[in-house]
Amino acid sequence: MTNNIPLAERLRPSTLNDYIGQSHLVGDNGIIRKMIEGGRVNSFILWGPPGVGKTTLAMIIAKAVEAPFYTLSAVSAGVKEVREVIEKCKNDVNGIFTKSRPILFIDEIHRFSKSQQDSLLGAVEQGIVTLIGATTENPSFEVIRPLLSRCQVYTLKPLDMDDLEVLLNRAIKEDPILKKRKVKIEEKKALYRFSGGDARKLLNILDLLEQSSSSDETLLITDQKVTEILQENPAAYDKNGELHYDIISAFIKSVRGSDPDAAVYWLARMVAGGEDPEFIARRLVILAAEDIGLANPNALLLANATFDALKKIGWPEGRIILSECTLYLATSPKSNSSYLAIDRALEEVRNSGNLPVPLHLRNAPTKLMEDLGYHQGYKYAHDFENHYVYQQYLPDGLQGVRFWQPAINPHEKKMTEYLNSIKKQNS
């Protein structure tokens, strides 16, 4: 029966002391270890790449604090399933055998729709459940703000070389199948490289190596043997998981840093690794707006056209379209003034709240609104020279505040000079 269970599952740790990696969270002074020792676990979200122990950590926590443990996958569960589990948790809370509040673990919580995430709010707020979410995507973008405000986010890191070494040795010495085999490790570079900091990948590769040799011969581990096994079994490891984080980060930073060679190299790494082409195209659209912006507004048009063309052309020719856009963005002048402007404005909104709209900027569709002064004194810009006239557009108290600070590039410099000149003419 053991032979049918994957190595990664056979070696899944059940206690914190057996857990490998994430010392910043589970080490002696780690926040999660302190939670467990204190017997009080608050809701949180684990954010990190695949195979770094998110599910395992949730299971260990539930076992350590003796809490009922429920799990849902955002891929298959809907609002109905969420409510059913919450109802079970209510029964647990009202029962007398529960030592700790029930834990609801939701894998891939970033795939939950807004309505599905909304259905969790009440139970988390009222303390009916302790929510532990797991996600490979940035929670800031994928989890609704009300839920995010109720959960701390903890970042899990890919396993480093020392962690992988510990995992490999444990597998050879403690796994009931491998410890019966004679194992000889001559080279580990390929094993660690293909693992990419993913414990599950490393164990899956080791599993494949074990299954590819007879039990009466020495299990020899070399770089060539690992490479051969993976070529024969292309699905043996999740290429998207390996490339999805560090590679896309390097790609974005290379384009932003105007290094076309590095940018196209990281693009090639993603293409070769099987990354979703539309994911790359979406990142290019964001890059065009965030990092190039008003220095070259055509960049956003080209990036958007790239996304559309990719859908029409498909693969593998789509790689050429991605390459053209990548190189164009990398060699384009840069400005993040639009990105900074909206963030400054949002910060002001958070600080000053909902300031009233000046009366002259309001519409007056009714007689009552006219009598209250709505729209009175408004100056229609097109009635004035150069289609510009000075008047107050910001709320009271914010006059003169500057959110947009133009970057030093020809396009924005020219735009600023033009605006300043017509302001002087009409002031």
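The values are calculated or read from the model by the stated rules, or taken from the named source; none is laboratory data. All figures in this text were calculated on a predicted structure; none of them were measured in a lab. Cβ placement follows ideal geometry from the backbone for every residue including glycine, while neighbour counts extend to all protein chains displayed. Side chains are part of the model used for accessible areas, which takes the heavy atoms of the whole protein and leaves out ligands, DNA and RNA. Shrake-Rupley method; radii C 1.70, N 1.55, O 1.52, S 1.80 Å.
Figure the gain on full extension for residue 152 and residue 261 (residue separation times 0.36 nm, minus the Cα-Cα span) and round it to one decimal in nm. Please list the in-between numbers first.
On the way: separation 109, 0.36 × 109 = 39.24 nm, distance 3.87 nm.
Additional length available on full extension: 35.4 nm.
Please give the net charge around residue 135, taking every other residue with its beta carbon less than 13 angstrom from that of residue 135, where Lys and Arg add +1 and Asp and Glu add -1.
Details: positive: 54, 111; negative: 107, 108, 137, 142.
Once positives and negatives cancel, what remains is -2.
On a full-extension model of 0.36 nm per residue, what is the gain between residue 253 and residue 391, subtracting their alpha-carbon distance, rounded to one decimal in nm? Please list the in-between numbers first.
Details: separation 138, 0.36 × 138 = 49.68 nm, distance 4.08 nm.
Computed gain between residue 253 and residue 391 is 45.6 nm.
At 7 Å along the Cα-to-beta-carbon direction for both residue 137 and residue 246, put a label point, then send me their distance in nm to one decimal.
Label-label distance for residue 137 and residue 246, simple model: 2.4 nm.
Of 22, 376, 405, which has the largest mean-square fluctuation in a 10 Å C-alpha GNM of the chain?
Result: 376 has the largest fluctuation of those listed.
Counting only protein heavy atoms and using a 1.4 Å probe, what share of the accessible area of the chain belongs to carbon plus sulfur, as a whole percent? If you can, show how the numbers build up before the last one.
Details: 12280 of 23580 Å².
C and S atoms contribute 52 percent here.
Expressed as a whole number of Å, what is the distance separating the alpha-carbon centroids of segment 134-169 and segment 342-405?
After rounding, the separation between the Cα centres reads 43 Å.
Pick out which of 85, 401, 166 has the largest mean-square fluctuation in a Gaussian network model of the chain, springs linking Cα atoms closer than 10 Å.
Checking each option, the largest mean-square fluctuation is seen for 401.
Just add up the charged neighbours of residue 253: K/R +1, D/E -1, any other residue whose Cβ is under 14 Å from the Cβ of residue 253.
Details: positive: 256, 269, 283, 334; negative: 246, 259, 261, 290, 291.
Once positives and negatives cancel, what remains is -1.
Leaving out ligands and nucleic acids, and using a 1.4 Å probe, what accessible area per residue does the chain come to in Å²?
On the way: 23580 Å² over 427 residues.
Per residue, the chain has an accessible area of 55 Å².
Could you tell me which of the pairs 63/180; 54/157; 157/180; 201/311; 173/201 are separated by over 21 angstrom between their Cα atoms in the structure shown? Intermediate results must be reported in sequence, preceding the final value.
Values: 63/180 30 Å; 54/157 10 Å; 157/180 32 Å; 201/311 31 Å; 173/201 18 Å.
Where the Cα-Cα span goes over 21 Å, the pairs concerned are 63/180; 157/180; 201/311.
Under a crude label model (7 Å from the Cα following the beta-carbon direction), how far is residue 324 from residue 215 in nanometres?
If labels sit at residue 324 and residue 215, their model points lie 5.9 nm apart.
Taking the Cα-to-Cβ direction at residue 17 and at residue 115 and moving 7 Å from each Cα, how far apart do the two end points lie in nm?
It works out to 4.9 nm between the two label points.
Would you mind counting up the charge near residue 330? Only other residues with Cβ under 9 Å from its Cβ, with Lys and Arg at +1 and Asp and Glu at -1. Can you show the working numbers first?
Working: positive: 256; negative: 259, 261.
It works out to a net charge of -1.
Taking just the alpha-carbon atoms of the chain, what radius of gyration and Dmax come out, in angstrom?
In order Rg, Dmax, the Cα atoms of the chain give 28.2, 96 Å.
For segment 1-83, what does the alpha-carbon gyration tensor say about shape, rounded, prolate or oblate, given a ≥ b ≥ c as the root eigenvalues, a/c under 1.5 as rounded, and a/b over b/c as prolate? Could you put the intermediate results ahead of the total?
Working: a/c = 1.67, a/b = 1.10, b/c = 1.51.
Oblate, because a/c is 1.5 or more while a/b does not exceed b/c.
Round to the nearest 10 and give me the degree value, 0 to 90, for the angle of helix 298-313's Cα axis relative to the longest principal axis of the chain.
So the helix axis and the longest Cα principal axis differ by about 50 degrees.
Once the Cβ-Cβ distance between residue 375 and residue 343 is put in as r, and R0 is 41 Å, what FRET efficiency do you end up with, to the nearest 0.05? Walk me through the intermediate numbers first.
Details: r = 31 Å, r/R0 = 0.77.
Step by step, r from the Cβ atoms, then E = 0.85.
Pop the C-beta distance of residue 177 and residue 313 into the FRET formula with R0 = 51 Å and round what comes out to the nearest 0.05. If you can, show how the numbers build up before the last one.
Values: r = 47 Å, r/R0 = 0.93.
It comes out at approximately 0.60.
Fully extended, how many nm does the chain gain between residue 352 and residue 401 (0.36 nm per residue separation, minus their Cα-Cα distance)?
Numbers: separation 49, 0.36 × 49 = 17.64 nm, distance 1.27 nm.
Full extension from residue 352 to residue 401 adds 16.4 nm.
Given the rule -39500 (n - 2.57) for each run of at least 4 DSSP H residues, summed and divided by the residues of the chain, what is its mean residue ellipticity at 222 nm, to the nearest 500 deg cm²/dmol? Don't skip to the answer; put the middle values down first.
Values: 21 runs with 215 residues, N = 427.
Result for the chain, helices only: -15000 deg cm²/dmol.
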